[in-house]
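In what follows, a structure is listed as structure tokens, so that the remarks can point back to it.
The values are calculated or read from the model by the stated rules, or taken from the named source; none is laboratory data. Keep in mind that what you see is a predicted model, and the values were worked out from it rather than measured. Here Cβ is always computed from backbone atoms with ideal geometry, including for glycine, and neighbour counts include all displayed protein chains. Each accessible area value is taken on the protein alone, full model and side chains, heavy atoms only, with ligands, DNA and RNA left out. Shrake-Rupley method; radii C 1.70, N 1.55, O 1.52, S 1.80 Å.
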Amino acid sequence: GPLFDTMIAHAVLEPEQRHGLNYCAEVYLGYAPVPIERLIGPAGPGQRSLAEVAPEAVAEYAAEDADMAWQLREQFLPRLRERGAERVFFEVEMPVLPALVAMEFAGVRVDAEVLQSFSARLARLLAEHEQAIHRLAGREFNVNSNKQLGEVLFEDLRLVDRPKRTATGQYATDEQTLQALAAEHEIVRRILEYRAVARLKSTYADALPAAILPRTGRVHTTFLQAAAVTGRLSSQ
């Protein structure tokens, strides 16, 4: 039969809100479901998988989820009609689901050797930027420490008279603050470049090879269809 994903239905109806099953059950059904943590424990290294939980407990948990999804469907379907959003839901959002599932199973082939080589190049570039930053600062410090960076920029170099501070009282060294100061001193431009290279290295060059599934040699992501208010996909 036609697919009906309650999470995506809620995203169509209320894009600004959260869309998880537990949240929707509490808001629309006045019911607080059993949290998954009760079965597998709190998040962390000691957390179990559902495979380690007694089948009776898993069955009850899964049946509750299915029951909530069915009840939410009965709530959301008339609302979609009232909002004139049926076509968006059934003709735009739902046909995307099987395609996303197929993409997730197919995965993306990643050349680990190329990324490892790229990571080494980025590491050398980071070292060059760090040396330049130390030279411009006139001393060595931990570039990744916001506290030490703030002291260099606003106490040693005095780039501004009245620097912004965070809620904790430290000097603000966020991206927006540094972008506004980029024209003031070469050290700020170097720090922004350093951060861009560091992000590229940690988020992609180092992380993607570790995410390759050995059985397929590919990265299998989860595409989040209801995560962004703008309607774009995000990947987890």
inquiry  = Please list, ordered by residue number, the helices (runs of 4 or more DSSP H) wholly in the stretch 134-213 having 3 or more residues that are more than 30 Å from A112 (Cα to Cα).
reply    = 146-151, 175-181, 186-200
query = If you check every pair at least six apart or on different chains, which have Cβ atoms under 6 Å apart with a residue in the stretch 27-40 that is under 15 Å from A59 (Cα atoms) first and a residue that is part of a loop (DSSP other than H, G, I, E, B) second?
reply = L39/V53; I40/Q47; I40/R48
note = Residue hits (the stretch 13-58; small (G, A, S) and either open to solvent by less than 60 Å² (accessible area, probe 1.4 Å) or under 21 Å from L224 (Cβ atoms) (or both)) are G20, A25, G41, A43, G44, S49, A54, A57
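Scan the stretch 27-58 residue by residue and report those that are part of a loop (DSSP other than H, G, I, E, B), over 30 Å from R232 (Cβ atoms) and touching a helix residue (DSSP H, G or I) at 6+ places or on another chain (Cβ under 8 Å).
Going residue by residue through the stretch 27-58, those that are part of a loop (DSSP other than H, G, I, E, B) are 30-36, 41-49, 53-54.
If we keep only those that are over 30 Å from R232 (Cβ atoms) too, we end up with 30-32, 34, 41-42, 44-49, 53-54.
The answer is Y31, A32, V34, Q47, R48, S49, V53.
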request  = Identify the single condition in (1) outside any helix (DSSP H, G or I); (2) of a type outside the set (F, W, Y); (3) in contact with a helix residue (DSSP H, G or I) (Cβ under 7 Å, 6 or more places away or on another chain) that C24 does not satisfy, given that it satisfies every other one.
outcome  = (1)
task = Mind listing just one residue for me: the one in the stretch 211-236 that is out of contact with any Ser or Thr (no Cβ under 9 Å at 6 or more places or on another chain) and within 27 Å of A123 (Cα to Cα) and, of those, most open to solvent (accessible area, probe 1.4 Å)?
result = P214
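I need the full set of residues from the stretch 197-210 which are open to solvent by less than 50 Å² (accessible area, probe 1.4 Å) and either among the hydrophobic types (A, V, I, L, M, F, W, C) or in contact with an Asp or Glu (Cβ under 8 Å, 6 or more places away or on another chain) (or both), in order please.
Scanning the stretch 197-210 gives V197, A198, A205, A207.
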task = Answer yes if at least one residue in the stretch 188-196 is modelled with pLDDT of 95 or more, in contact with a Ser or Thr (Cβ under 7 Å, 6 or more places away or on another chain) and open to solvent by less than 60 Å² (accessible area, probe 1.4 Å), and no otherwise.
result = no
ask   = Is it the case that some residue within the stretch 165-180 is basic (K, R) and either in contact (Cβ under 8 Å) with a residue 12 or more places away in the chain or in contact with a helix residue (DSSP H, G or I) (Cβ under 8 Å, 6 or more places away or on another chain) (or both)?
value = no
